Amino acid sequence: MLGGRTQTSEAAAWGQFWAGRSPGDEHRYRDPRVADVLDAHWSRYFSDRIEEGGVTSLLDLACGEGEVLRFAEQVFARSSDDLPRAICCDVAPPAVQMAAGALNALPVAADSSALPFADAAVTCAVSQYGLEYAGQAAFSEAARVLDAGGQLHALVHCRGGVVEAACGDVAALLTTVIDSNLFERMADYAKDIPLAAAGEVPDARARECVDNLRAALDAVGEALAIASHGPAREHVARLVADCRTLAGRLGHFAPSDVTAWINGQKSDTAAFQHRMTSMLDVAQSEDDMRGIVGRLDAAGLAVSPLSVLEAPGQSGALAWVVDARRISDA
Ligand SMILES: C[S@@+](CC[C@H](N)C(=O)[O-])C[C@H]1O[C@@H](n2cnc3c(N)ncnc32)[C@H](O)[C@@H]1O
């Protein structure tokens, strides 16, 4: 189990998130300023690797849409080095299909805690906000597949960091929406108001539906008024506006379309909230990181001293930086 859910439903939740997206779509969870820092970090990392003698095979673990491979592709495009043989691996099949567009990567849908690769299969394994979702065992797995001299570089969600704070705010806003019962109130309203107009349910029930929907919209409106700007605020503001339009123009829509819309919004909002809370769950403390370093050490890797990636202009770190190398046999 992960965070109270089975791994299968975890994979399904991520699959739902990645399905229907295109590479480079604005991340629902990533501030563009953060994306710039990540870009600069990985550009420097891959440039250093090329200068050091190149990368023959590159594995992006929990790759999502393949952002790290796209950063790598840009760096390799500027160098005279041969492109590495790339593999993108994620538990969500729609993610690996997207990531495969970068560096012509081989898409592999797999859990990072049980990789379908032989020992010593790659020279470089990378991960950005990914391995920790599969638990600490995933770091041992990443070490297992590294060739002699091979390197692991991972950015890991950091407890008390900037991403955790942002996810906490977003999760709180989405939780207010769900706890307000907005979707249930909207469904009651859509079902009973037309019946009341036809004299098939009492006026008192119609008034109750109106009052309940208004109370839910007010609760969400209050949370929205103090929410930080960003994709979650936009998502909820659009939801509120659409609910108001729907309530005012109910007669213009087929009842089956209204039900499908409400159910779609509910599931989208719940999936969004779940992603945020799972990010909070996987944020690693300094103690957790010591455990990860211990695993890499036990797997025969030389681990650089732990460091953090800073968020310029913000207090707090963006990520733990894990950098390790399999000590060469030679
Ligand atoms: C926060 S996203 C990061 C994606 C990508 N690395 C990036 O930085 O954009 C976390 C990724 O981990 C994947 N994931 C979650 N649990 C996983 C597991 N057990 N094994 C492999 N991938 C997993 C999700 O599908 C998702 O793509």
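The values are calculated or read from the model by the stated rules, or taken from the named source; none is laboratory data. On a predicted model such as this, the values are computed, not experimentally measured, just so you know. When we count neighbours, we look across all protein chains shown, and the Cβ atoms used for this are built from the backbone with ideal geometry, even at glycine.
Data table
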| item | result |
| --- | --- |
| Any hit, region 18-33, residues being within 14 Å of the ligand (Cβ to nearest atom), at pLDDT 95 or above and within 21 Å of the chain's Cα centre (by Cα) | no |
| Complete set of residues in region 193-214 that are under 29 Å from residue 273 (Cα atoms) and in contact with a Lys or Arg (Cβ under 8 Å, 6 or more places away or on another chain) | 209, 212, 213 |
| Total residues in region 251-304, condition of a type in the set (Gly, Ala, Ser), within 16 Å of the ligand (Cβ to nearest atom) and touching an Asp or Glu at 6+ places or on another chain (Cβ under 7 Å) | 1 |
| Residue within region 158-177 that is in a strand (DSSP E or B) and in contact (Cβ under 8 Å) with a residue 60 or more places away in the chain present | yes |
| Residues located in region 296-325, provided they are farther than 16 Å from residue 286 by Cα and part of a strand (DSSP E or B) | 301, 302, 324, 325 |
| Residue tally, condition surrounded by 24 or more Cβ atoms within 10 Å (Cβ to Cβ), more than 9 Å from residue 18 (Cβ to Cβ) and of a type in the set (Asp, Glu), over region 68-94 | 0 |
| Residue in region 264-280 that is of a type in the set (Asp, Glu) and either in contact with a His (Cβ under 9 Å, 6 or more places away or on another chain) or surrounded by 19 or more Cβ atoms within 10 Å (Cβ to Cβ) (or both) present | yes |
| Output for region 95-110, where each listed residue is of a type outside the set (Val, Ile, Thr), in contact (Cβ under 8 Å) with a residue 12 or more places away in the chain and surrounded by fewer than 21 Cβ atoms within 10 Å (Cβ to Cβ) | 100, 101, 104, 106, 107, 109, 110 |
| Every residue from region 292-309 that is touching a residue at least 40 places away in the same chain (Cβ under 8 Å) and either aliphatic (A, V, I, L, M) or within 30 Å of residue 17 (Cα to Cα) (or both) | 292, 296, 298, 299, 301, 308, 309 |
| Residue match in region 306-315 (condition: buried (at least 19 other Cβ atoms within 10 Å of the Cβ) and at pLDDT 95 or above) | yes |
| Which listed residue is in contact with a helix residue (DSSP H, G or I) (Cβ under 8 Å, 6 or more places away or on another chain), touching a residue at least 24 places away in the same chain (Cβ under 8 Å) and surrounded by fewer than 16 Cβ atoms within 10 Å (Cβ to Cβ), from 205, 185, 244 | 244 |
| Condition met for residue 40 (under 15 Å from the mean Cα position of the chain (by Cα) and at pLDDT 70 or above) | no |
